[in-house]
Each structure stands twice: as structure tokens, then as C-alpha cells.
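Chemist: Here's a structure for you.
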Amino acid sequence: MKPFKFMHIADTHLGYRQFGNEERFKDYNRVLIRIFHKAINEQVDFIIHGGDFFHDNNVGPDTLSAVFKIFKMFRDQCDSRGLSIPFIVIEGNHDTRRHGQARSWLKFLADRGLIHLLSVPVGEIRKKRKVVFVPYSREHAVGGKLCIKDAVIYGMQYFGSSTPSLLPMIEKAIDANEDKFSILLLHSGISGQMEDEFGVEHDARLKKLHEKIDYLALGHFHKRFILTRKDPWIFNPGSLEITNARHVFRGHKHGAYIVEVFGMEPHERSFKIVDCVFGSAIHSDEIPTRSFFRLPRAIDFTNVPINSFDELCEYVVEYLKKSGLKERVEGKKIDFKNPEVPVALVSLSGRIPFSKFDVNHRILKKIIKDTFETVHVEIYSFLESAIDGITIAEGEEKDITEIEREVLLSIISEFPKYEPIKEEITSLMQDVKDLLIKGNDNAGQVKDTIKTWWMTKRGKNMALVEQEDQADHELDINQEFEEQPDTPVAQLTFDDFSDDEDQVYDDGSD
């Protein structure tokens, strides 16, 4: 086997305007440019992407224009160094085509030669209960199996709650090949790795799959993890940028992996972590992303001598000054491209002596934004009022998706025969809900989703689904893997991609 090297990323969510903020839209593009810069400096042989390339299946012209320009810069820099780095991706739940569309936006990119999009024929699963990985055709930009050097890369689109039932079919469809390094791309999480999130159980079905797969490349969960401690073969890099503030509050790590393969034995490969860090990067294996400013605890107004909303605002401003949030300098323009300029997350708690409905978040946000250097300000309120006699929590602990999941699980739990697969049913119901709220033209896609899920269950006694406890635990990556030294090649700087990064946005997206 000839040695090769690849990069694994996922969940880029291009096109997302987090908080409705235009600068955040640009942040997701900037981090992809920096990842491409890293891939070129590392001289990887290919890049794999675990899905959710886009944030929405209704891609806007500003997003599409930026993607074309980023890939052109990437290709130009590769050509200037005599490199060819294929970009292999699968569809995540955010990438799937809208019902009635002939193809997804990722297929549009694949047809233009920018990416290699891996997928499997859905008809084979529905009609024959069989997964087929067709060799990839570069001419037609379709297929589920791609060979690059001594790697065989399999990939399939997002199947949501049907994924666990598809694992035995996937295992049967994969060739037993002892001479090639086998990679499988799936957009799915592993149960237990993220709070209140459905994932595939780490049971006998996954272990059977490992007999044919050397590297399971995941996407979907925006948190980095590696399984297992003794035999690391399941890798989830997490998102490149923060897409939900709860990931900040929970301290989730995220970034990319660079994998070098020297032979077929487990000890003949190395894994390097590329950290996406808040603010400026210090080490060569760090990628700078937008900084998030958060307080170690909520600003507590219990026993604070204030009597009005105006006084509350004054107290918050003084508290943030003492907490280190950088103040604006009068007359100085803020460089919002600088990742050190943060999104500020401000939590309020305690009892106030006036109505909490007098606390105007919009006004408080503007006061903070006008006083400090921030890209955006978010307020999370846990305030109580003796006058109102009620508490309305708007905090970071749970978002609407988590609350929905708890309600659905509670309903399904009332039916004992569904207990073994209640998580899968809940995930199916949330998939259907997500499709319904995307528009009134998704009835066919809803039908297809339910049908595919049911076909994977057909012939089974749903009340007797085998369950196994997860035997292995998340690998402590900081202890188990030491970072590998950089390849001694001339390092590409961020400026080499573009003399002016903002040319990516010269289509008027500002």
C-alpha cells in the first residue's frame, strides 16, 4: 500500500445567517476558505465531507456565488502547487432536495465538476430492501463508491430514523477488501454522544460493519468525538462554525481530522485534530472562527438595588465592562472580519422589583451593541418578578427541538410495545415535522420518508428490537493522540487565497 492522507470535515452549513446577521453568513464561508488553506498546506490527497454542506435546501444566489468563488480559489491554489484534491461529500438532512425538484443543490455542484457527490439508489431499498453502492461515474456525477489511491470511499445520503435498520444492508453491500482502506460516509450521530439527540446505537450492527469498514466518517452531530478507545474507527469532527448557542454553553469541541494511512494495520495510521477555536489561532493546527463572549454565570439581580429597566441596563453595561467585554472606541470603525470581535451571549437571572415585561430585549441589545465591540448580542432571560408572579425562561438550556423531542418521547412511552424503538419513532416524527414546515409542496417527500422508514422495519416484530448497552466510551482525544508535526513544505498563507477576502462577496451580498 502506498501511503495517503485525507481530511475529514462535516456540517459547514453554508448560507446560514445565524441570528439574522450578515457577518455570520460570511463567517461560514471564511472558515471553509481556511480549511481549504489547511488542506493544501497538508498536501492531503482528498477531502471527505459528512453532510450538511448547505444550511438550507433552498440555496440563495449569494450563497451559490460565494461557493463558486471559494472553489475557484481552492482549485487555482491547488493548480499553482501541482495538486489535485478531490472533494467528496454526501447529502445531510439540510442538503436534501425539495419535493418536486429534479436534483439537490449538491447534485448541481457535482454536475459542474466541483464536488463528488456519493449516494445510493433509494428504489433498491424500498423495493428490494437492499443497499447498492454503484461505482462513481465522473461523467454523470452519480454513484456511491469511489476509489482514490488505496482508499475505497463509500457514501450514502441522509436516511434519518431509518439509518439503524439500514446498517445490516450496508454491511452486505460493502466489498470485503483486505488490500484497500475502506471509508464509509454517513450523516448520522451515535447514541449517547450528544444530549437529547437521536443516534445509531453502538451495538452489534455497528461492530459487524467494522469488519469491512476501517474508518466510519460521520456528520450531523456538531460535537467532536472518536470511538472507541481501544480501536478508534468512528470519527465525527463536529461543525466548523457554531450554529447553535447551546454548543457554546456546553463547551463542545469541533473542527476537522487529518488522517494518514501507511498500511492496513491499526497502528499504521495516524490521526491529527484540527481545532476550530474561538478568535485567533495560536497553533498551526488551529483554525480561527468567530469568538463567542459568555459570562461564567448569569448576571444575578437578586438583592441588586435597581427599580427600573433603565437601571437594569446601566447595571448590565457596568457588569460587562468589569467582565472584560471590549468597549467601542469613539470614531474607530470596527473590523467585523476580525474573529476576535465576538458574538456576546448575555444571561440574566434573579428577582427584579418591577414587571419582567418591562425588560425590553431589543433595547438592551442595542445599548450593549452601541457600547461594546460585538458582531451580535443575544439575551437569555431567567428573570423572575414579584409583581408578575411568573417566570418565563428564555435560556440556553433547551431549544425548541429538545422540548419537542421530550414531548414526543413522553407520548410514545404511553405505548409499551414501541418502547424498544421509541427513539427511532421520535426521530421519524421530527423528520416529518421538519419537512412539513419547509413548505406546502413537500407532501410527496413526507410520504417517501415514512415509506422508506416503514420498509426498513417490514418483517420485524417492532416490539422485539434487540438493544445492547454501549460497551465503549468516547476516546479522550487529547490523551490518546499527539499532534503530528507539520509537513515541511512552503506554507500557504490565508492571503494567498485572495488579496481581498471580501471579493467572495462582490456580488452585492453585502
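Just so you know, all these numbers are worked out from the coordinates, no wet-lab data involved. Bear in mind that the values here come from a model prediction, so they are computed numbers and not experimental data. Because the Cβ atoms are built from the backbone with ideal geometry, glycine has one as well, and the counts that use them run over all protein chains shown.
Chemist: Mind sorting Leu14, Leu218 by how few other Cβ atoms lie within 10 Å of their own Cβ, fewest first?
Modeler: Numbers: Leu14 24, Leu218 27.
Starting with the residue having the fewest Cβ neighbours, the order is Leu14, Leu218.
Chemist: At a Förster radius of 45 Å, what calculated FRET efficiency corresponds to the Cβ-Cβ distance of Arg103 and Phe19, to the nearest 0.05? List each step's numbers first, then the result.
Modeler: Working: r = 31 Å, r/R0 = 0.69.
In this case the efficiency is close to 0.90.
Chemist: Where the eigenvalues come from the Cα gyration tensor of region 14-137, what are the semi-axes √(5λ) of the equivalent ellipsoid, largest first, in whole Å? Display every interim value, and only then the final one.
Modeler: Numbers: eigenvalues 138, 87, 27 Å².
Equivalent-ellipsoid dimensions as semi-axes: 26, 21, 12 Å.
Chemist: Let me ask something else about it. My understanding is that a pair violates if its Cα-Cα distance is over 32 Å; which of Lys128/Lys417; Lys180/Lys447; Lys107/Lys451; Lys69/Lys230; Lys272/Lys433 do that in this structure?
Modeler: Numbers: Lys128/Lys417 27 Å; Lys180/Lys447 39 Å; Lys107/Lys451 23 Å; Lys69/Lys230 42 Å; Lys272/Lys433 38 Å.
Over 32 Å Cα-Cα: Lys180/Lys447; Lys69/Lys230; Lys272/Lys433.
Chemist: What list of ³J(HN,Hα) values in whole Hz, one per residue of region 315-321 in order, does the Karplus curve 6.51 cos²θ - 1.76 cosθ + 1.60 (θ = phi - 60°) give from phi, with Gly and Pro shown as x?
Modeler: 5, 4, 4, 5, 4, 5, 4
Chemist: Follow-up question, since we're still on this one. Which FRET efficiency value, to the nearest 0.05, is calculated for Ser413 and Ala386 with the Förster distance at 25 angstrom and r the Cβ-Cβ distance? Show your work: numbers first, answer last.
Modeler: Values: r = 37 Å, r/R0 = 1.49.
Given R0 = 25 Å and the Cβ-Cβ separation, E is 0.10.
Chemist: Mind giving me the nanometre distance, one decimal, between the label points for Asp196 and Lys326, set 7 Å out from Cα along Cα→Cβ?
Modeler: Once both label points are built, they end up 3.4 nm from each other.
Chemist: Among Cys276, Cys147, Cys313, Cys78, rank each residue by its count of other Cβ atoms within 10 Å, from fewest to most, as a rough exposure measure.
Modeler: Details: Cys276 25, Cys147 11, Cys313 19, Cys78 16.
Fewest-to-most Cβ neighbours within 10 Å comes out as Cys147, Cys78, Cys313, Cys276.
Chemist: For region 60-65, in order, what is each residue's ³J(HN,Hα) by Karplus, 6.51 cos²θ - 1.76 cosθ + 1.60 with θ = phi - 60°, in whole Hz (x at glycine and Pro)?
Modeler: x, x, 5, 5, 5, 4
Chemist: With equal scatterers on the alpha carbons only and no solvent term, can you work out the Debye log10 of I(q)/I(0) for region 293-385 at 0.12, 0.13, 0.16 1/Å?
Modeler: Taking Cα atoms of region 293-385 as identical point scatterers yields -0.37, -0.43, -0.63.
Chemist: Give the long-range amide H neighbours of Phe372: residues separated by 5 or more places, or on another chain, with amide H under 5 Å away, using H modelled in the peptide plane at 1.01 Å from N.
Modeler: Excluding prolines and chain starts, which carry no amide H, the hits are Arg328.
Chemist: If you don't mind, there's one more thing I want to ask. List, in order, the whole-Hz ³J(HN,Hα) value for each residue of region 341-352 obtained from phi through the Karplus relation with A = 6.51, B = -1.76, C = 1.60 and θ = phi - 60°; use x for Gly and Pro.
Modeler: Taking θ as phi minus 60°, the curve returns 6, x, 7, 9, 10, 10, 9, 10, 8, x, 9, 10 Hz for region 341-352.
Chemist: Between region 119-181 and region 65-83, what is the separation of their alpha carbon centroids in Å?
Modeler: So the separation of the two Cα centres works out to 29 Å.
Chemist: Now a separate question. Given N residues in region 177-328, what is Rg(Cα) / (2.2 N^0.38 Å)?
Modeler: Details: Rg = 21.6 Å, N = 152, 2.2 N^0.38 = 14.8 Å.
Scaled against compact globular proteins, the figure is 1.45.
Chemist: Amide H to amide H under 5 Å from Ile299: which residues, 5+ apart in sequence or cross-chain, H placed 1.01 Å off N in plane?
Modeler: Residues meeting the amide H criterion: Ser347, Leu348, Ser349.
Chemist: Give me the one-decimal nm value for the distance between modelled label points at Lys230 and Lys366, 7 Å along each residue's Cα-to-Cβ direction.
Modeler: Each label point lies 7 Å from its Cα, and together they span 6.2 nm.
Chemist: Then there's this: Region 338-374 to region 209-262: how many Å between their Cα centroids?
Modeler: When both Cα centres are located, 34 Å separates them.
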